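Notes for the one structure printed next.
What follows draws every value from the coordinates through simple rules; no lab data is involved. Note that the coordinates shown come from a computational prediction; the quantities given were computed from them, not determined experimentally. No Cβ is skipped: glycine too gets one built from the backbone with ideal geometry, and neighbour counts run over all protein chains shown.
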Ligand code: 13P
């Protein structure tokens, strides 16, 4: 299983270091990933960047590119998160980022997920929506991980139901053989059950992962 923590805009350099130090004392067979904010990136094999501009460097105010990310020896990145899409990142732009970091042989945690109005329409509408978010993405890319994160389940405390996760992951499995993570209100109480679903290869966790003790306990429950 792949158990990943997306810090979003939480934690500082100092608290990220404390988090990673404590996490390093835990031995687990699972693959762990941590995506801190860019100010807290550090040389650690489990750390990835939350975002990256599709260029080595240049005049892109407030962005970070390959030069800044790889200074830490980091070769992992999270792309396509719904919070970035809500800020206006188009599918075309995300696909450009994907291509850029793919060409640099990064491990890419690629996020997709539908809004509530699409989920309310039908299962078919959800799959059609997710397929749009996979446009321009090489589903054969060796270092690709896909995270299915329904927008309505993110940060709401209400995760998708087991059946919703199962049917969506089954449909995604028909498109790719890459690892499929679920994200959206994953917590201590539901992580074991979610990870036990066929075609769920792990979880991408926000809120419940920011406390290191809780994150460690979640890893242990999987
Ligand atoms: P929550 O776990 O807070 O719902 O966030 C999920 C997420 O967006 C991870 O990328």
* To do: Place a label point 7 angstrom from the Cα of residue 158 along the Cα-to-Cβ direction, then list the residues of region 181-200 whose backbone nitrogen is under 15 Å away.
  => 184-186
* Using alpha-carbon pairs under 8 Å, 6+ residues apart, how would you state the relative contact order of the chain in percent? -> 20 percent
* Asked: Picking from 193, 50, 86, which is most flexible by a Gaussian network model of the chain using Cα springs under 10 Å?
  -> 86
* Structure fact -> Classified through the alpha carbon gyration tensor (a ≥ b ≥ c as square roots of its eigenvalues; rounded if a/c is under 1.5, else prolate when a/b is larger than b/c, else oblate), the chain comes out oblate
* Would you please put 4-16, 109-121 in order of how densely packed they are, using the mean number of other Cβ atoms within 10 angstrom per residue and starting with the highest? => 109-121, 4-16
* For the chain, what is the calculated [θ] at 222 nm in deg cm²/dmol (nearest 500), taking -39500 (n - 2.57) for each run of four or more DSSP H residues and dividing by its residue count? -> -9500 deg cm²/dmol
* Asked: Sorted by packing (mean other beta-carbon atoms within 10 Å per residue), highest first, where do 19-32, 161-174 land?
  -> 161-174, 19-32
* Considering only DSSP beta bridges where both residues belong to the chain, give the percentage that are antiparallel (nearest 5). => 0 percent
* In nm, to one decimal, how far is the residue 123 label point from the residue 187 one, both placed 7 Å along Cα→Cβ? -> 2.7 nm
* Asked: Cα gyration tensor of region 19-80, axes a ≥ b ≥ c as square roots of the eigenvalues: rounded (a/c below 1.5), prolate (a/b > b/c) or oblate?
  -> prolate
* Asked: Taking only C-alpha pairs under 8 Å that are 6+ residues apart, what is the relative contact order of region 1-60 in percent?
  -> 39 percent
* For region 98-222, what does the alpha-carbon gyration tensor say about shape, rounded, prolate or oblate, given a ≥ b ≥ c as the root eigenvalues, a/c under 1.5 as rounded, and a/b over b/c as prolate? -> oblate
* Length gain on complete extension for the stretch residue 62 to residue 197, per 0.36 nm per residue less the alpha carbon to alpha carbon distance? -> 44.6 nm
